[in-house]
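Undergrad: My questions will all concern the structure given below.
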Amino acid sequence: MLLFAQTICPVLRSSDLFFRYGGEEFVVLLCGVDAGQAQSILERCCKEVESRSFPQVGRVTISIGFACLELGSHPVDMLSNADKALYFAKNHGRNQVSSYVELLKNGLLEEIETRQGDVEFWS
């Protein structure tokens, strides 16, 4: 996981945040970018991982799903949206970046029900 993080982090800016979310899933929060810029940054992440050889496993690829956080949207919904886009990418060829909004526009995903209420973060 350390080599994976060392591969991804140089592609990101110092203002972006990178987290391990699950076993082999990660979350990247890209600050101050639109969907097109996010797509470009995340595609560079795919290329960097694909071009690196990892000890014990060799070459690997990654699939990425993303959603843009919108004013008034619930963070849990945004994670769920990105997760749906991720699983679309995994199930439709892998080694690609999928945008939740673009998948919706193209009729490839159905919109999920949104949540209402507050969310709290603490450290």
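Undergrad: Return the total of residues in segment 46-97 being among the aliphatic types (A, V, I, L, M), in a helix (DSSP H, G or I) and free of Cβ contacts under 8 Å to residues at least 40 places away in the same chain.
TA: Number satisfying all stated conditions: 3.
Undergrad: Checking the structure you have, find out if any residue of segment 32-39 is farther than 27 Å from Lys105 by Cβ and either touching an Asp or Glu at 6+ places or on another chain (Cβ under 9 Å) or modelled with pLDDT of 95 or more (or both).
TA: Taking every residue of segment 32-39 in turn, none turns out to be farther than 27 Å from Lys105 by Cβ and either touching an Asp or Glu at 6+ places or on another chain (Cβ under 9 Å) or modelled with pLDDT of 95 or more (or both).
Undergrad: Being at pLDDT 95 or above and farther than 23 Å from Arg13 by Cβ narrows it down to one residue among Gly93, Gly107, Gly117; which is it?
TA: Gly107
Undergrad: Related question: Does Leu3 satisfy the criteria of being in contact with a Phe, Trp or Tyr (Cβ under 7 Å, 6 or more places away or on another chain) and either surrounded by 14 or more Cβ atoms within 10 Å (Cβ to Cβ) or outside any helix (DSSP H, G or I) (or both)?
TA: Considered against the rule, which asks whether it is in contact with a Phe, Trp or Tyr (Cβ under 7 Å, 6 or more places away or on another chain) and either surrounded by 14 or more Cβ atoms within 10 Å (Cβ to Cβ) or outside any helix (DSSP H, G or I) (or both), Leu3 comes out as no.
This table checks each residue for (1) touching a Phe, Trp or Tyr at 6+ places or on another chain (Cβ under 8 Å); (2) in contact (Cβ under 8 Å) with a residue 12 or more places away in the chain.
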position	(1), (2)
Ile8	yes, yes
Leu12	yes, yes
Glu24	no, no
Val27	yes, yes
Gln39	yes, yes
Arg44	no, yes
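Undergrad: Within segment 15-26, can one find any residue that is over 14 Å from Phe4 (Cβ atoms), in a loop (DSSP other than H, G, I, E, B) and either over 10 Å from the mean Cα position of the chain (by Cα) or modelled with pLDDT of 95 or more (or both)?
TA: yes
The values are calculated or read from the model by the stated rules, or taken from the named source; none is laboratory data. Since the model is a prediction, treat every value here as computed from it, not as a measurement. FYI the Cβ positions are ideal-geometry reconstructions off the backbone, even for glycines, and counts take in every protein chain you see.
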